[in-house]
Every structure is written in structure tokens, then in C-alpha cells.
Amino acid sequence: MSLVIAFVERISETGAADYIIQKSEVTKDDLDTAWTLNLLLRVGVLLFVYFFAPLIALFYDDPRLTDATRVLAFVLLFGALVSPQIFLDQRERNYKRIFAVNLLTKMFSVAGTIALALHFRSYWALVFGQILAAGLKFIFSYIFMWYSPRICLRKVKDQIVFSQWLLLKSVFGWARSQIDTILVSTKFAESDLGGYHVSKYLAFIPGSDILTLGMSPLLASFSSVQSRKENLLYQIEFALIILFLIAYPLASLLFFSAFEINQIILGEKWIAYVNIFALLSLSCVTMPLVNFSTSILYVVKRPKEAFFFDVISMVLMVSILYFPSFSNLTHFVVAKVSFDLVAAHSYLVFSLRRAELQNWSRVIKIFLTSAILAILIGIFVKQVVVMDNVLLSGSVKILLYVMLWIMALKMIFLLYLKSTPIGFHIEYLQNRVLGRWAKFGIFKNQPRSFSL
């Protein structure tokens, strides 16, 4: 059911948020047109899913899916009715209200789903839980971001020209993200499919829910400077350096602490899939890099090339994963992750060339230093023993890793960023975040004000 709804949500994406974010000036007609297109397309897809639900159930050989899919389809309607002010807040990097909406939605929907599970004691609890989450986001969006939308198609031509490639990319992007799971189901036992699915879901959380969302304000800043080439290149380089300094150590920490994380979250019965989770945790690097590269291509008005990346990479992935005969699931995942790493970094280089990045030397140095130090620190923390040859506990290992990476950050700062505009910018953000505790920050001896 979740795969079906995820797919129909993708094919009903109008690219409204990306369209609004990339515009240098936004009018009420722009917002109303984005909202109207979103509504019309999602209602159309809702009707399609509703009437073809029996065929979906027949495909999966599960009659229960007919009613469940029809009910779940209404998630699309609630998603279409969400306040379009959220697009403007993303563009203007006003994330306080967006955070409040998402937090409250998550809190109340989880509590409501648990109550529904206690009442129904069946899969219907999850179905109505999804509806509840979508409905709550719709309600909270207007409470925190009031906007009075109206049916409007005055800017429909502009948005369709921009969004046509985004719609295709959404479909192929979804297919690319799910094709590995489908291939696992055809090549390995059902138990392996379950272990892979759970490991993939858990491994993707840091990349999708932490890094990707955390990078959103930096990516949204591209639109405000897209008409000024020099400032745009600066913002791209700055955001990329921040991504390098966070993504690689996070991926290394998850990879080398996979056993401890598995013990805490999944328990003993999933111990056989520790290596699978460890390998898939490298998506902390690949997923944000792909999103970052796509944002660059959007801002330089090349959405078609972002679509072709998804098409080409999906074809190559299927070729690499489908035709060889893998002896076990681990070998399959090694091939998959290796391809993802090569594809993501190649895509990054391609997008940076399209943006005509100038300062390649510093970007490459920080990339190599961050990646190498993250690996070395991870290996050290993984292997280190303390007094009486007692291995460090999981929490102490994580704390030691964080402390060593803070030292590594300081070294990278001194080597490549001190007394540079990006160095000033990083310290300025640090001081804004820490406030009166700024004296304990990593980056010191820099001015406490900054302007681009």
C-alpha cells in the first residue's frame, strides 16, 4: 500500500515548491496557480487510483488492497489543500513555522495512530493513521501559515514549462529509489527482502530527515542570488563545504557504529543484517549530494538534465544489479552502494561544471580531507581499546567520535578556511546559533559579524 501511495504522490507532483523557490519575484498569481495546479492534478490522480484500485489489488493478489488503497488515496487530496504559503516560507528560508507544522503533525499523528492501533488491531490503523497525518498537516498549515488561496491559472504556462521535466523526474526518481528493493524481491528469499527493507528505511532516515532538511535553507538561498553569478557561486561553494563537513562524518559514524545502532533500535533478531545496514548508511552521503546537485541544475535552469540523470542512472543500476548472479545479499548491497557513490559524485561534478564553479581546488581539498579523516576516525574508534582491554561501549564510542571530529573540523578550518569569506561566514553562523555560548565554539578569532 505504501509503495502505491508513494508512487501516486510522485506522479502528482507539480513541482510547485521548486517553481516558487527558484523565482526571483513571486506574486499572488504565482502562488494561486501553483496551488490550483497541485489541486487539479492530485484530484485527477485520486480518481484514477480510486477506480483502478481493484486492478492494484489483483496485481498484488490481495483483495484487501482495494478498499485500503481507495481510502489511502485521499491523502492526495489533503496534500493538495495545504496552504501555499509554505512554498513562500521555504523560498524566504522562514523555517520556524514549517518546523512547527511538521513537529505538531508528527506528534499528534503518532499518538493518533497508536490509539487507532489499540482500537482496530489491524492494518486499518496504519491506513487511517496516514489520513490523520495528512489532515493534521492541512489544518496546521493554515493555523501557522494562513493564506486565502483561489482558483487561478494565469501563470499556468510558465509553471508547466518549468515543471514538465520535474514531473518526469519525480516518476523516474521514485522508480530509481525503489528498483533495488524490487530486484531484491526477485533474487533473494523473503526474509532477506524484509531485512533489506528495514535496514534501508533506517539507514535513509539521517540522509532524508536530517541532512536533506537541514540543507534546505542553504539550497533555498540559491534563488535569492541566482541573478548575481558571483554570489550564486559563493553560496554553492559554501553550502557544498558545509555538506562535506557534515555528511561524511555522519556516514562514517553510522557505518562503524552499525552494530551498536542495530542493538539499540532493532534488537538481536536483526543482527544478521548489521552489515547491510552499515553499507546502506552511506546514503547519508549519496542522497544529500544528489539533492544538492539537482538544486544547482534547477537554479541554472537545466531541469531537463536532472531528469536525464535519473533515467541514465536507473538504467545503469538495473544493468549492474539485475544481470549478475550475486551469491548473497551483502554482495548485492556492495554493488548497489558502490554504484550510488560513483553516480552521486559524478552528478555533483557535472552540476558544478554547469554552474561554472571557479574554486575547484579548495572544494576538492576539503572533500578529500573530510572523507579521509572521517574514515580514519571511524576506524580508530571502532578498533580502540581502553583500560584492561575492555572495548568501549556504544555511547562512549559515539562521544569519542564526535570529540575527534570536532578536532578534525578545527584542523580543516585552520588549513583551508581561516581568514576567508567562507571562514567568516561559518563562524558568524556558529555564533548566531550558540549565542552567549559562542566563546565555546570551534571557530574562533574571527569577526562576529558577516554580510555577503
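Readers should treat all values here as calculations from the given coordinates under stated rules, not as data from a laboratory. Only a predicted model underlies this, so the values are computations on that prediction, with no experimental measurement involved. Please note: Cβ atoms are built from the backbone with ideal geometry, for glycine as well, and neighbour counts cover all protein chains shown.
Quick check: net charge around Trp124, other residues with Cβ under 13 Å of its Cβ, Lys/Arg +1 and Asp/Glu -1? Let's see the in-between values first.
Values: positive: Arg64, Arg70, Arg121; negative: Asp67.
That works out to +2.
Within segment 359-384, name every residue whose backbone N is under 18 Å away from a label modeled 7 Å from Cα of Lys410 along the Cβ vector. In segment 359-384, the label zone of Lys410 (backbone N under 18 Å from the point 7 Å along Cα→Cβ) covers 370, 373-374, 377.
Please work out how much length the chain gains when fully extended from Phe308 to Phe59, using 0.36 nm per residue of separation minus the C-alpha to C-alpha distance, in nm with one decimal. Please report the intermediate quantities before stating the final value.
Working: separation 249, 0.36 × 249 = 89.64 nm, distance 2.93 nm.
Extending this stretch completely gives an extra 86.7 nm.
Each Lys and Arg adds +1 at its Cβ and each Asp and Glu adds -1 at its Cβ; summed about the Cα centre, the chain shows a dipole of about 1220 debye. When the pairs Lys106/Lys200; Lys137/Lys365; Lys336/Lys365; Lys137/Lys336 are compared against a 31 Å limit on Cα-Cα distance, Lys137/Lys365; Lys137/Lys336 fall above it.
Fewest to most neighbouring Cβ within 10 Å: what's the order for Ile296, Ile379, Ile86?
Details: Ile296 26, Ile379 12, Ile86 21.
Starting with the residue having the fewest Cβ neighbours, the order is Ile379, Ile86, Ile296.
Protection proxy ranking of 134-143, 248-257, by the mean of other Cβ atoms within 10 Å over each peptide's residues and highest first, is 248-257, 134-143. Descending by average beta-carbon neighbour count within 10 Å, the peptides 42-48, 125-131, 149-155 line up as 125-131, 42-48, 149-155, the highest first.
Which net charge results when you count Lys and Arg as +1 and Asp and Glu as -1 among the other residues whose beta-carbon is under 12 Å from that of Tyr298? Taking every other residue near Tyr298 into account, the sum is +4. Once both labels are positioned 7 Å from their Cα atoms along Cα-to-Cβ, the gap between Gln383 and Asn231 label points is 4.9 nm. Placing a pseudo-label 7 Å from each Cα along the Cα-to-Cβ vector at Arg432 and Phe52 gives an inter-label distance of 4.6 nm.
List the lysines whose Cα lies under 20 Å from the Cα of Lys304, skipping any in the same chain that are fewer than 8 positions away. The qualifying lysines are Lys23, Lys157, Lys169.
At a 10 Å Cβ-Cβ cut-off, how would you order Glu305, Glu230, Glu237, fewest neighbours first? Kindly include the intermediate steps, with their values, before the conclusion.
Values: Glu305 18, Glu230 9, Glu237 21.
With the sparsest Cβ surroundings first, the list reads Glu230, Glu305, Glu237.
Find how many whole Å separate the alpha carbon centroid of segment 52-113 from the alpha carbon centroid of segment 286-365. After rounding, the separation between the Cα centres reads 28 Å. Sequence neighbours fewer than 8 away in the same chain don't count; with that in mind, list the aspartates and glutamates whose C-alpha is under 19 Å from Lys301. Of all the aspartates and glutamates, those that pass the test against Lys301 - Cα under 19 Å, at least 8 places apart if same chain - are Glu13, Asp18, Glu25, Asp30, Asp158, Glu230, Glu237, Asp310, Glu356.
Taking 0.36 nm per intervening residue step and subtracting the Cα-Cα distance, what contour gain separates Ser419 from Val171 on full extension? Please report the intermediate quantities before stating the final value.
Working: separation 248, 0.36 × 248 = 89.28 nm, distance 4.49 nm.
Once the chain is fully extended between Ser419 and Val171, it gains 84.8 nm.
Between the listed residues Ala258, Ile114, Thr286, the Cα displaced farthest toward the positive end of the dipole of the chain, a dipole computed from Cβ unit charges relative to the Cα centre, is found at Thr286. Note on Gln358 and Asn94: their simple-model spin labels are 3.4 nm apart, each label 7 Å out from Cα toward Cβ.
For segment 310-315, 3J(HN,Hα) computed residue by residue from phi via the Karplus equation (6.51, -1.76, 1.60; θ = phi - 60°) reads 4, 5, 5, 5, 5, 4 Hz, glycine and proline entered as x. Note: relative contact order over segment 1-154, using C-alpha pairs below 8 Å and six or more positions apart, is 31 percent. Helical runs assigned H by DSSP (4 residues or longer) give the chain a calculated mean residue ellipticity at 222 nm of -25500 deg cm²/dmol, each run adding -39500 (n - 2.57) before division by the residue total. Gain on full extension, evaluated as 0.36 nm per residue between Phe259 and Trp124 minus their Cα-Cα distance, stands at 45.2 nm.
For Trp360, Trp165, what's the fewest-to-most ordering of other Cβ within 10 Å of each Cβ? Let's see the in-between values first.
Numbers: Trp360 12, Trp165 19.
Least to most surrounded, the residues fall as Trp360, Trp165.
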